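The values are calculated or read from the model by the stated rules, or taken from the named source; none is laboratory data. What you see is a predicted model; the values in this text were computed from it and never measured. Backbone-built Cβ (ideal geometry, glycine too); neighbour counts: all protein chains shown.
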Amino acid sequence: MVTMNRNKVVIVGTGQVGATAAFGIVTHGLCNELVLIDHFAAKALGEAHDLDDGSEFQDRHVKVRAGDYADCKDADIVVITVGRKPPANSTRLAELGFTVGLVGEVVDNVMASGFDGVIVMVSNPVDVMAWYAWKRSGLPRTQVLGTGTALDTSRLKTIIGEETGLDPRNVGGFVMGEHGDSQFTAWSTVSLGGKPFARFLADNQDRFASVSTAEIEEKTRMRGNEIVAAKGGTNFGIASTVAGIVQTILWDERRIVPVSTLLDGEYGEHDVFLGVPTELRANGANEIVELELNAEEQAKLHHSAELVRSYCEGLL
Ligand SMILES: NC(=O)c1ccc[n+]([C@@H]2O[C@H](COP(=O)([O-])OP(=O)(O)OC[C@H]3O[C@@H](n4cnc5c(N)ncnc54)[C@H](O)[C@@H]3O)[C@@H](O)[C@H]2O)c1
């Protein structure tokens with residue numbers, strides 16, 4: 001049972017993603033206090049009461065309540081999930097016009113409270129929005145990050161688990177770049193049971209002859225769209241991802257997670273937020289792990305960087 005004295009998280013946006021992330025934080029007992037904010041105040045209040053009503057059956061009581069931006073002043077983490085359910089057959093980048101005004105307003109309100117913690121951006125397009133929140137907030141780069149390709153990397157591992165019948169947690173490696181269509185699986189980093197994935201397949205042809213890396217990569221890229229087509233949005237996968245990132249930061253776990261963080265010379269890129277393996281500490285995004293990508297992977301990362309930068313242009 002969790003007994004550590006952890007403190008305060010605020011979630012702004014209590015729609016499908018925000019409310020489910022709140023549930024993940026509560027069921028894992030990650031903090032002492034969880035405050036929910038939504039411009040539809042009744043929704044935040046309803047979600048807060050509903051979440052708190054399970055207190056009797058939770059391992060640790062997280063006090064959940066609806067609040068306002070003054071609550072951000074002493075918060076350790078503010079998670080931003082404002083936006084709308086993704087339209088079918090659209091791209092995350094296409095959400096920019098809808099999301100940017102909401103995120104700008106939210107960041108201004110959060111900063112006006114005197115907030116000096118870590119912003120975890122979830123709203124899409126998440127890499128563009130994390131960059132925008134960093135610029136607009138004036139916070140150090142460590143204190144603003146996006147969920148990046150953390151969800152896509154988890155999806156990759158899940159799909160490799162489905163294809164091989166093995167536990168996804170046996171898989172190492174990363175999906176990198178944009179959380180969007182230009183993302184790529186950095187296959188040179190992917191391993192199973194500690195063995196390079198390509199070698200693992202080659203050595204086990206009798207069992208895995210039908211497993212195709214190209215198909216796995218495409219399924220990973222399309223998984224979000226498929227879920228949106230099937231149920232109108234995604235919430236559980238991203239909620240687990242948010243809860244994992246919140247835990248890593250609040251508990252100073254120093255896990256390396258492919259969050260969206262500022263590249264300032266790493267991988268030869270500047271002034272862009274992309275999903276790259278990053279050491280998370282209590283103060284947020286620290287050291288970026290610079291992997292030895294092959295030339296094709298490096299070119300794909302550069303393509304993502306150019307694309308995301310082009311969407312950032314003119315936002316300020
Ligand atoms: N990063 C990821 O991997 C990932 C995964 C899934 C969804 N998302 C994104 O998360 C966002 C939310 O998706 P959803 O399905 O929860 O949508 P939703 O429509 O269910 O919820 C959005 C919520 O934001 C609130 N809101 C809107 N503007 C606000 C403002 N200015 N201030 C306060 N609250 C405001 C709305 O009232 C609503 O409750 C979208 O941008 C979506 O694309 C990101």
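Descriptive notes on the structure:
- Residues of the stretch 28-42 classified as more than 19 Å from the chain's Cα centre (by Cα), more than 8 Å from residue 11 (Cα to Cα) and not in a helix (DSSP H, G or I), total: 6
- Hits in the stretch 207-238 (condition: under 21 Å from residue 87 (Cβ atoms), in contact with a helix residue (DSSP H, G or I) (Cβ under 7 Å, 6 or more places away or on another chain) and of a type outside the set (Lys, Arg)): 233, 234, 235, 236, 237, 238
- Residue count for the stretch 81-102, restricted to those that are more than 8 Å from the ligand (Cβ to nearest atom) and of a type in the set (Val, Ile, Thr): 2
- On inspection, residue 220 passes the criterion of being in contact with an Asp or Glu (Cβ under 7 Å, 6 or more places away or on another chain) and either away from the ligand (no atom under 14 Å from the Cβ) or assigned to a helix (DSSP H, G or I) (or both).
To keep it simple, each residue is scored yes or no on (1) of a type outside the set (Ser, Thr, Tyr); (2) assigned by the TED database to the domain that holds residue 205.
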position: 115; (1), (2): yes, no
position: 118; (1), (2): yes, no
position: 123; (1), (2): no, no
position: 157; (1), (2): yes, yes
position: 164; (1), (2): no, yes
position: 169; (1), (2): yes, yes
position: 173; (1), (2): yes, yes
position: 186; (1), (2): yes, yes
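Here is a yes/no grid of residues against (1) in contact with a strand residue (DSSP E or B) (Cβ under 6 Å, 6 or more places away or on another chain); (2) of a type in the set (Lys, Arg):
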site	(1), (2)
153	yes, no
165	no, no
171	yes, no
175	yes, no
186	yes, no
207	no, yes
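- Residue count, the stretch 159-209 (criterion: hydrophobic (A, V, I, L, M, F, W, C) and more than 22 Å from residue 259 (Cβ to Cβ)): 9
- Looking only at residues in the stretch 228-265 that are without any contact (Cβ under 8 Å) to a residue 60 or more places away in the chain and surrounded by fewer than 18 Cβ atoms within 10 Å (Cβ to Cβ), the one that is farthest from the ligand (Cβ to nearest atom) is 265.
- Count of the stretch 9-34 residues which are near the ligand (Cβ under 8 Å from one of its atoms) and of a type outside the set (Val, Ile, Thr): 5
- Filter result for residue 79 (surrounded by fewer than 19 Cβ atoms within 10 Å (Cβ to Cβ) and either in the same structural domain as residue 258 (by the TED database) or touching a residue at least 12 places away in the same chain (Cβ under 8 Å) (or both)): no
- Residue list for the stretch 123-149, filter: closer than 18 Å to residue 283 by Cα, part of a helix (DSSP H, G or I) and of a type in the set (A, V, I, L, M): 130, 133
- All of 248, 241 fail the test of being in contact with a helix residue (DSSP H, G or I) (Cβ under 9 Å, 6 or more places away or on another chain), closer than 22 Å to residue 289 by Cβ and assigned to a helix (DSSP H, G or I), apart from 241.
- Against the numbered list (1) within 16 Å of the ligand (Cβ to nearest atom); (2) touching a residue at least 24 places away in the same chain (Cβ under 8 Å); (3) out of contact with any Asp or Glu (no Cβ under 8 Å at 6 or more places or on another chain), residue 37 comes up short only at (3).
- Complete set of residues in the stretch 108-134 that are surrounded by fewer than 24 Cβ atoms within 10 Å (Cβ to Cβ) and near the ligand (Cβ under 9 Å from one of its atoms): 109
- Residues being in a helix (DSSP H, G or I) and either farther than 20 Å from residue 316 by Cα or among the small types (Gly, Ala, Ser) (or both) - total across the stretch 72-118: 6
- Top-ranked residue of the stretch 40-76 - restricted to ones that are within 14 Å of the ligand (Cβ to nearest atom) and aliphatic (A, V, I, L, M), ranked as surrounded by the most Cβ atoms within 10 Å (Cβ to Cβ): 44
- Restricting the stretch 150-194 to residues that are part of a helix (DSSP H, G or I) and small (Gly, Ala, Ser), the residue that is farthest from the chain's Cα centre (by Cα): 188
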